[in-house]
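Notes to accompany the following structure.
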Amino acid sequence: MAQYRPDAATLLRAVADVLDDVLDDVPSDKRHRVRVAAHLSRLVAREAELGPAAADDEIEALAELVGPVDDLDDATARLADRLRSGADDAFTADAWHALVEITRRDLAIAKPGHTEWTGQ
């Protein structure tokens, strides 16, 4: 049987928890830096855990709008070109809804709890 090896997200959350645990023992002039380090550890953990699926979903959503794409850069460039070229109202509305959902997924990584905005 293979030994359990935690993934990067699990390790980063553990680091953040340790930083939170020792915060009261840190000199007051260093506490903000420790809080920032804990926050960044959790953010990177969420990115490691949620980022790949969010990127795949973003490519899929944009490809539904602009057709087959090579990668995320291609998808965003083609969407931007289409919107700049004077897309019709239906396309613009579909793009808006897709971008709101993409932003909501990005916020789930960067700023959990701030995903309730509907764009209305």
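Coordinate-derived values only; no laboratory data. Bear in mind that the values here come from a model prediction, so they are computed numbers and not experimental data.
Computed values, structure above
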item: Axial C-alpha extent at least 15 Å, average Kyte-Doolittle at least 0.5 - helices from the chain (DSSP); result: 8-22
item: (i) 11.8; (ii) 8.4; (iii) 7.4, with the label sought being that of the calculated mean projected area of the Cα convex hull in nm²; result: (i)
item: For the chain: relative contact order, % (alpha-carbon pairs under 8 angstrom, 6 or more apart); result: 22
